[in-house]
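Notes follow the structure.
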Amino acid sequence: MAGLGMAGTEPEPGPTEPEPASTEPEPAAGAAEPLTALSLPAQLIIAVGIAVAAVAAAIHLSAAFLAVSPPNTLTKRHGAAIDDYIYPEFERVWKLFAPNPLQQNVAVQARAEIRTREGGTATTGWRDLSAQDGAAIRHNPLPSHTQQNELRRAWEFYVGSHDARERPQGMRGSLSEQYIRRIVMLRFGREEDGGAVERIQVRSATTPVTPPSWSDEKIDTKTIYRTLPWWTVTTDDIPEAKSR
């Protein structure tokens, strides 16, 4: 009886072991899908955008390198195209490290001849454009590159490409004139003092920096003006009209 009882009794099941937890992280809700999950047109657009950005960066870096590199075969053959791309926006200067840095304050000023609503003409007073940039930079911890360098570099570009009689020297001379005129018209606008701007005139006011008190150097601090001829405003001088 005991043997039969033992044979007929089924063993009780032991405790079940928990299944090991999966080590693979579950995808977070709202996670970005990989590029392969995008449609074929979307993948093509992204690929073309990356390729265009890479080509543009390569062209810019190559032109900037050739502009500052010693004369070579490429600069001799394609120098005009490189200059057209680099100047004036991407030009580089190293006057901070020059053995004789600038010791003058140069202010660029402009005035306009306007056509009044009554049909007559009037001339505005001189507007100190450099002082406007200085006021925008002062107490500004992050001034823009335009406020710091646009006007200053444009004037240096003009002076370096014109002779004492204001005659342009080569193609860069004409380009520097156009650059100055567009900057001035960007500051004035099409209308000034209630009249339409028809002509503009630019001048520089150069004042030597006063020597420090401990220096024996004697410098005449009188301001010297360089006044350019009047320029008739054209459509090319108005940035808004040029972009249309």
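The values are calculated or read from the model by the stated rules, or taken from the named source; none is laboratory data. Every value quoted in this text rests on a predicted model; they were computed, and no experiment measured them. Heads up, the Cβs are rebuilt from the backbone with ideal geometry, glycines too, and the neighbour counts pull from every protein chain shown. Calculation scope for accessible area: heavy atoms of the full protein, side chains included, ligands and nucleic acids excluded. Shrake-Rupley method; radii C 1.70, N 1.55, O 1.52, S 1.80 Å.
A few remarks follow.
- Qualifying residues in segment 207-224 (those that are out of contact with any Ser or Thr (no Cβ under 7 Å at 6 or more places or on another chain) and hydroxyl-bearing (Ser, Thr, Tyr)) - the one modelled with the highest pLDDT: 213
- Looking only at residues in segment 36-82 that are in a helix (DSSP H, G or I) and polar (S, T, N, Q), the one that is nearest to residue 171 (Cα to Cα) is 75.
- Identity of the residue in segment 123-160, of a type in the set (Gly, Ala, Ser) and closer than 24 Å to residue 112 by Cα, that ends up surrounded by the fewest Cβ atoms within 10 Å (Cβ to Cβ): 125
- Matching entry among 88, 41, 25 (being over 30 Å from residue 185 (Cα atoms) and at pLDDT below 80): 25
- Considered as a group, the residues in segment 99-119 that are among the small types (Gly, Ala, Ser) and touching a strand residue (DSSP E or B) at 6+ places or on another chain (Cβ under 9 Å) include one that is most open to solvent (accessible area, probe 1.4 Å), and that residue is 107.
- Within segment 195-236, considering residues that are closer than 30 Å to residue 120 by Cα, without any contact (Cβ under 8 Å) to a residue 40 or more places away in the chain and out of contact with any strand residue (DSSP E or B) (no Cβ under 9 Å at 6 or more places or on another chain), the one least open to solvent (accessible area, probe 1.4 Å): 234
- Residue satisfying all of: in segment 176-194; assigned to a loop (DSSP other than H, G, I, E, B) and open to solvent by less than 60 Å² (accessible area, probe 1.4 Å); modelled with the highest pLDDT among these: 189
- Every residue from segment 124-158 that is in contact (Cβ under 8 Å) with a residue 40 or more places away in the chain, of a type in the set (A, V, I, L, M, F, W, C) and part of a helix (DSSP H, G or I): 129, 151, 154, 155, 157
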